[in-house]
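Have a look at the structure below, then the notes.
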């Protein structure tokens, strides 16, 4: 479903991704681990179409050229990013924001928009997945949310927008064990045979909750090793360094 | 793909001003220029009493000794005050008794503006005093208001029918020597609205005025006076649009509000005068003096404004808080895009004990717009226990606009409390990307972010106005990101 070939990306002349190759099939969950600065978040940014990168290589998503699409077109095609640092939008209600987003995507797909009542019903059902109460929806988008609330809010958006490919960028960072359990529980509930996921993390612990089909190690802008979930355990024991020597 | 972001939206900057049409109504105009004869002509045209002519002449004689202010943070070429037509009235029509008798062309113009008087009268129950080029053409619902003792009419009519009230309050808040533009207005004002709410009366409806500048090269000098007697309440709405013109048009209005004991005046403005074209040519110069006097104990005056128009804005609606426990409020959204410049804010002058004031200013700059907040909070010796809270937030959209804040605070009473909060933020690429990642197109995202930014002010507007203000902001923003 997602095929990345020889993907390069640079910012202001500085090369960050140096030929990433990755293939994710429908329903598969892939994890990417690696040291700081390896290019993990850059990969996520390039996949959603963030401005400011010089990009070459190819990314095909359901047969379409993802790199040729605007961020909103990618969203409509089913690409979703749970941001590492979710953005605050003061004065814009969380509920209003999510309904606007869902309806924009539905419009782009030629589907009817949901009215307020239908959306509310949908939202309330999905909020249970991440154990959020109604007061979240009347607050401004992420404004004054704790770190854990922000991450849960990301997973809630994912539950409402129902993407084909969900990219989780360090969704576990800054979470205590209870919040981690809630967030991971929400993500697991959203695993389906069609929905693929790319989980970016520093910590093996997250992968105990969200068990991946494959684990990749990224170092210096390339995927240097791939394996099963056992690779994550090995990395925890030995660190990334032996991998670099071995490659 | 994404690098087109700003250019795409920039194209929209050049969208035409929606209200840029000219209505062909024969005008009865004075010759260009300003001198005592012109003032006598205006006064005679309006059949004014001698005292008012004398007041105008005193203002004019003072005005010629004054210099145009230069301290404001705006730039514009010199205004030739002798090249302006100071009086222009639509050719006299017989006095209208009902909507049907209003000039069809005028009605058509209002229809284009989306404020059909008939509709407004029928649907919303809003009494509209329509000011076209300085002369009130139609005043509706006067009867219903008269039943509860409210006087709501054109300023000229008030001079004829209630001279004692006009004489008592005219210049009582904004004296004729107040400032260059207010003094000019005092000399040459042609019409405006007058509103008097007697003791203990709550206005049964929102009062509304739509201003429109129509005839070419016509400076417009309205004078509005609202007096709320003890315990009275009124909510007054002012909306303005002007057609596109190549030449800059001067607008120097004066609004005076007087609230006596326990009275409340809520004054709301939505202004979208022609901002000039994409290159910064043309547009209205909006040099306005608006001030209220919270004269009575427990009185309250609130200004709420949403301003998206005019090439240059110079206005500082304020409240002089003389009554003990009186309250002054100012809630403002000012948007400058294209080449618009605004130097605007509020003045709160505390004289009475335990007086309170609140200033919430939201400035949005886009395109090449320059937005300056300038506010004065003054607490005099007598203002024991006075408090002020000021919040100035600026939002920048794009890279070529500017936002500036000049707060002045003078506290002469040691018990005074002043809080000032200020923030400047950019509609960040991050916020936009976040919205777009969720599938929301850039323009819709900008509009959503800006409306969120302004929410504190919008919620102060009367419902029907809030909807209009939001729509107006969206229209203005269609060209704003650049």
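No lab work stands behind these numbers, since they all come straight from the coordinates. Being a predicted model, the structure only gives us computed values, none of them experimental. All Cβ positions, glycine included, derive from the backbone under ideal geometry; neighbour counts span all protein chains shown.
Tabulated results
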| item | result |
| --- | --- |
| The stretch A:164-247, relative contact order [Cα under 8 Å, separation at least 6], % | 27 percent |
| Calculated FRET efficiency for the pair residue A:238/residue B:430, C-beta based, R₀ 45 Å, to 0.05 | 0.80 |
| Gained length - residue A:109 relative to residue A:134, 0.36 nm times residue gap less alpha-carbon distance | 6.1 nm |
| Gained length - residue B:381 relative to residue B:172, 0.36 nm times residue gap less alpha-carbon distance | 73.1 nm |
| Neighbour-count order for B:223, A:109, fewest beta carbons within 10 angstrom listed first | A:109, B:223 |
| Chain A: relative contact order as a whole-number percent, Cα under 8 Å and 6+ apart | 28 percent |
| Prolate/oblate/rounded call for the stretch A:1-107, Cα gyration tensor, a/c under 1.5 rounded | prolate |
| Relative contact order (percent, whole number), the stretch B:352-454, Cα cutoff 8 Å, 6+ residue spacing | 29 percent |
| In nm, spacing of pseudo-spin labels at residue B:459 and residue B:147 (7 Å Cα→C-beta vector) | 3.5 nm |
| Cβ-derived FRET efficiency at R0 51 Å, residue A:14 paired with residue B:76, nearest 0.05 | 0.65 |
| Using a Förster distance of 60 Å, the FRET efficiency for residue A:62-residue B:199 (Cβ separation, nearest 0.05) | 0.25 |
| Average beta carbon contacts from partner chains per residue of A:66-78, 10 Å cutoff | 4 |
| DSSP beta bridge pairing in chain A, given as percent antiparallel to the nearest 5 | 60 percent |
| Folded to 0 to 90 degrees: helix A:94-108 orientation relative to chain A principal axis, Cα | 70 degrees |
